[in-house]
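> Can you read through this structure? Questions will come right after.
The values are calculated or read from the model by the stated rules, or taken from the named source; none is laboratory data. Please read all numbers here as calculations on a predicted model, not as lab measurements. Ideal geometry is used to build each Cβ from the backbone, glycine not excepted, and the neighbour counts take in all protein chains shown.
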Amino acid sequence: MKRYDCMKLLAARLKDELVILSLGASVDEWYNAAPHMREASLFQQQLGCVTPQAFGLAAGLPHRRIISLDTDGGMMFNLGILATLGNEQPKNLFTVVWDNECYQSIGGPPTHTASGRVDIAAIARGAGVEQAYTARTLEEFEAHCEAGLKADVPYIVVAKVAGTVQPDIKRKHSDGREDKYIFVRHVEATEGIVIMGPSEHN
Amino acid sequence: MKQSSVDAVIRGLKRAGVSIVCYLPDSLFKQLYPALDADPDIRTIRVTNEGEGAAICGGVFLSGKRAALIMENSGLRASVEPLARMGLGAGIPVVMLMSYRGELGENNWWAIPHGITMEPVLNALRIPYRIVREEDAIEQSIVDAYNWSYNAYYHSAIALGGEIVR
């Protein structure tokens, strides 16, 4: 199963949601797979921060569906967030963990999931996120997207994907600071709120 | 912590517009956490480590709500990685309120590292901070931290020490 094919299936289901995603090759893939979600997606660089940030966003906007596109390396970096999700039970957070069993962006050394013994979905269930599953086919992944996008409990799908990157795709060439402004202005416009407002004097 | 100090913290948070607090409990703020839990205007989120709390606060910032990360100053060390990436990489601010463990007067050997490292770590991250030891200064200091962070889009910190926490 290719991550890019999963992304296209997920992207086709998205319209008003907000997305926070991890660093690495999945950035350019999501940039290409979901062009209509460009302003609604925060492209981030923080291993272990993606799902916590998405949860914070979900806590602040409880009426809005939030999607975390995390990774095996990122989730293993901070497993504690699974216990926090288990306790807090956000009703509007759908988490996808792209599990390619490697640190792809640095050339592919294995993550802990490569051993075959470490099961992130099982860890999530043990942490209190009951709706946590592993998908190995596009059909399974799409079914979990459908269920996860309408769930009123935290929902996690660990997508077992190949360690390859979609070839010949456009590169995103904005940095984290520009991406934050794009995302914040989109949240402001769609929520009718001010997040980064004017100074006292301009 | 005296009840009057707890009240001052909560007044400051409310004046600053805070509605979500992430915390990992510690002993010096022992009376503060249940007061936050009981406040109907504040949602508390208990975290497994302070770095996770910093990241959640960053997400809350993106929602337009205001969050605080409350912890012992040892939690600053656990938060360095997400703070550096969010603050220096993207300009996503986190405002921290921490108890000052390990300042002069400390009588626990294990807390000495917290005092020795707090200010150098804050300075390494270029995070402006204020150490508050007078109850009268708590409320305004918290408001000042939010004013600064919401113009700088960078982290700031208030450390409560001295008789406030002992």
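> Within segment B:141-166, take every residue that is among the polar types (S, T, N, Q) and buried (at least 16 other Cβ atoms within 10 Å of the Cβ) and give me the one that is nearest to the chain's Cα centre (by Cα).
B:Ser156
> Applying the selection to segment A:4-24, what residues are more than 12 Å from the chain's Cα centre (by Cα) and farther than 22 Å from B:Gly59 by Cα?
Listed by number, the residues that qualify are A:Tyr4, A:Asp5, A:Cys6, A:Lys8, A:Leu9, A:Ala12, A:Arg13.
> If you don't mind, there's one more thing I want to ask. Those residues that are within 13 Å of chain A (Cβ to nearest Cβ) and among the polar types (S, T, N, Q), I need them from segment B:53-79; list them, please.
B:Ser63, B:Ser79
> Give me the residue from segment A:136-172 that is aliphatic (A, V, I, L, M) and part of a loop (DSSP other than H, G, I, E, B) and, out of that set, nearest to A:Arg64 (Cα to Cα). Spell out how you get there, then give the answer.
Filtering segment A:136-172 down to residues aliphatic (A, V, I, L, M) leaves A:138, A:143, A:147, A:149, A:151, A:153, A:156-159, A:161-162, A:165, A:169.
Those still in the list that are part of a loop (DSSP other than H, G, I, E, B) too: A:149, A:151, A:153, A:161-162, A:165, A:169.
Details: A:Leu149: 11, A:Ala151: 12, A:Val153: 13, A:Val161: 28, A:Ala162: 31, A:Val165: 31, A:Ile169: 30 Å.
Among those residues, the one meeting the criterion is A:Leu149.
> Inside segment A:32-49, can you point out the residues that are outside any loop (DSSP other than H, G, I, E, B) and either at pLDDT below 95 or at the interface with chain B (Cβ under 8 Å from one of its Cβ atoms) (or both)?
Passing the criteria: A:Leu42, A:Phe43.
> For the list (1) at the interface with chain A (Cβ under 10 Å from one of its Cβ atoms); (2) under 21 Å from A:Gln46 (Cα atoms); (3) surrounded by fewer than 24 Cβ atoms within 10 Å (Cβ to Cβ), I need the number of the one condition that B:Ser19 fails.
(2)
> I would also like to ask the following. Quick check, is A:Ala147 farther than 28 Å from A:Pro110 by Cα, small (Gly, Ala, Ser) and at pLDDT 95 or above?
Taking the combined requirement at face value, the residue satisfies it.
> Can you tell me which condition A:Arg65 does not meet? The list is (1) surrounded by 24 or more Cβ atoms within 10 Å (Cβ to Cβ); (2) in contact with an Asp or Glu (Cβ under 6 Å, 6 or more places away or on another chain); (3) among the charged types (D, E, K, R); (4) within 14 Å of chain B (Cβ to nearest Cβ), and all the others hold.
Exception for A:Arg65: condition (1).
> What number of residues within segment B:107-134 satisfy the criterion of being more than 16 Å from the chain's Cα centre (by Cα), of a type in the set (D, E, K, R) and either at pLDDT below 95 or not in a loop (DSSP other than H, G, I, E, B) (or both)?
0
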